1. What size of dipole, in debye to the nearest 20, comes out for the stretch 496-615 about its Cα centre when the only charges are +1 on Lys and Arg C-beta atoms and -1 on Asp and Glu C-beta atoms?
2. Checking the table 249/492; 254/492; 249/529; 98/126 against a 19 Å threshold on Cα-Cα, which pairs fail?
3. Expressed in nm², what is the orientationally averaged projection area of the convex hull enclosing the Cα positions of the stretch 146-244?
4. Quick check: pseudo-label points 7 Å beyond the Cα along Cα→Cβ at residue 308 and residue 70, how many nm apart are they?
5. Would you kindly derive the ³J(HN,Hα) couplings of the stretch 249-262 from the backbone phi angles with the Karplus curve 6.51 cos²θ - 1.76 cosθ + 1.60 (θ = phi - 60°), listing them in order in whole Hz, with x for Gly and Pro?
6. In terms of modelled amide H atoms, which long-range or inter-chain residues lie less than 5 Å from the amide H of residue 547?
7. Kindly write out, for the stretch 501-513 in residue order, the coupling ³J(HN,Hα) from the Karplus curve 6.51 cos²θ - 1.76 cosθ + 1.60 (θ = phi - 60°), rounded to whole Hz, with x marking Gly and Pro.
8. Name the residues whose placed amide hydrogens come within less than 5 Å of the amide hydrogen of residue 376, ignoring near sequence neighbours (fewer than 5 apart) on the same chain.
Amino acid sequence: MNEPIRILYVDDYSLDRELVRDALTKESNDFDLVEAASRTEFENALANGGFELVLSDFNILGFEGMEVLNAVHAKDADIPVIIVTGTGSEEIAVEAMKQGAADYVIKKFHHIQRLPLTIHAVLENKRIQKEKRDIDQRYRLLFENSGEAVLLTDLEGTVYDANPEACRIFQMSEGEIVERGHQGLVDLTDPRYPAAIEESKKLGKFLGELNLVRKDGAVFPAEIATIVFRDTSSNERMSWLIRDITERKQAESKIRRQLDYLNALRLIDQTIASTFDLELSLNILLTNTISLLSVDAAAVLLFNPTNNTLEYTAGLGFLTDVIRTTKINLSEDQVEKAALGRWLVQFLDQEEDQGNSLLTPVLIGENFVNYHGVPLIAKGKVIGVLILFNRSMTERDQDWIDFLNNLGGQAAIAIDNTRLFESLQKSNLELSQAYDATIEGWSRALDIRDRETEGHTLRVVERTLELCRRMGLSEGQLIQVHRGALLHDIGKLGVPDGILLKNGPLTDEEWELMRKHPAFAFEMLSPIKYLAGAVDIPYYHHERWDGTGYPRGLKEDQIPLTARIFAVVDVFDALTSDRPYRPAWTREEALAYIQSLAGIQFDPWVVEVFLEVIR
């Protein structure tokens, strides 16, 4: 049973008090009424406290109801005050409400009889207002301290609020953000923007990427989630949750560029392996050099030991024939640093270089502003120089330098191939090791991105290879297994950080996108021919023996054996590793779990061999 509502009633007229008392207590135990007939009684009662509501006559001998109202709110602003008076003036009612009275009741019988309902309504309104204030306070705390940028706007572009994180990523004050409106924060040339707004209005939400603009005009990529809602005044509003993904995009771009580099190296390598035609090999090398390194021209100058000179052998991108007659005496030119010193040389100032180089006629005649030279070294001997030319100044990063050095190595191989073909197999082995080192680098980058699984890849690679050997796979197959296991989660590059690194449970939409990562892996790896045999593990390791897996719902022997083997190892390692959402299982718990799913999720034969190996 609820405790009665404790009410202080202030009135100096006994008959009125009796009327109110009867209305509140005659047929109900809902109210505990304390009466005060004078200022002193009122002040003493108020000092003792414990009241949930105050009723007060408007005209009291010695003071007025407004004084009661002010005194009550001075003690506790949350205590509602209802003015009860025989004076039915509308002006008095308005004034009382302005001063903070919760309601106004006239001392007439039928009004007083409804007083209990009025009191309950006032207290219910107080409860609702308190809950609203609490919610507003919690929301404001969350809004201000969110690690994500948040904007509140209307559907036409007016910004009403921006949290500190939004101010940080836009590099603006809240006032500047509000003044600009969301159309001043978005790159309006982004073709995705109109569709995002239309989708938000039509569906009430949007999830995707847009290009946004900082205060200085710099454009940056961001993940955007919008939700349309109605505020307390029933106005349509839209919240924008914004995450700056510049670093992620740069990392993805770097990996894609490295994939392009690797694919080009593979193409050049295949050409070298299939032909003794030096001109064809060098043309493919120079074509890829100009395209992937974004230079205007490139040339190969080979060393002639008879007269100790570098002489033109092949070139692309030149407007004149000056380069064709170029001969460089190594004792007279700084290019010897590249040839004899065997390291990359960069000449970035044409004016400084003029007069000191036999390349000066080439620089002037072609309007080149700089060039880079890298030695061509085969079997420890310098056989020439690869030189790249630019007609505009461009900054070069370490990836660019590394690929140039790799191309220099490729060019040397192509040249040496025509001179001594039998040495090619050794060169190919070294190149294959470089490919595998690159793949291992990608794998480490994936582990670093998904901190929950750091170290997971190397563990599952070793155990998968061990299990494959036990099950009779050849050494040639093990090479592809090694690559496929290293890249088993490369498809997660296509999964946004907000989903991959989410602390809480994923929504259905997020799970749908997460389950696409095997397909993303297939799209990324299948165009690279030398990785064709390694695609099975990244693409099929989430298939299940009973056919309920993804992405294709294969069952039993339809699933490639290497993927079936890897699936067991992958689950075992995941179960026996700590995660933020659960501690690691014991070895025996994990083995029991895997054994229980033999013939359901896992190939029974693979499980049997795995248990023998692991125990």
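1. Values: 12 positive and 19 negative charges, 31 e Å.
Its charge dipole is roughly 140 debye.
2. Numbers: 249/492 13 Å; 254/492 15 Å; 249/529 25 Å; 98/126 17 Å.
Table pairs above 19 Å Cα-Cα are 249/529.
3. 5.8
4. 10.8
5. 5, 5, 5, 5, 5, 5, 5, 5, 5, 5, 5, 4, 4, 5
6. For residue 547, whose amide H was placed from the backbone, the distant partners under 5 Å are 556.
7. Once θ is set to phi - 60°, the couplings for the stretch 501-513 become 9, 5, 6, x, x, 7, 6, 4, 5, 5, 5, 4, 6 Hz.
8. Here the answer is 383, 384, 385, 386, since their amide H atoms fall under 5 Å of that of residue 376.
Values in this text are rule-based calculations from the coordinates and carry no lab data. Here the structure is a predicted model, which means the values were calculated and not measured. Backbone-built Cβ (ideal geometry, glycine too); neighbour counts: all protein chains shown.
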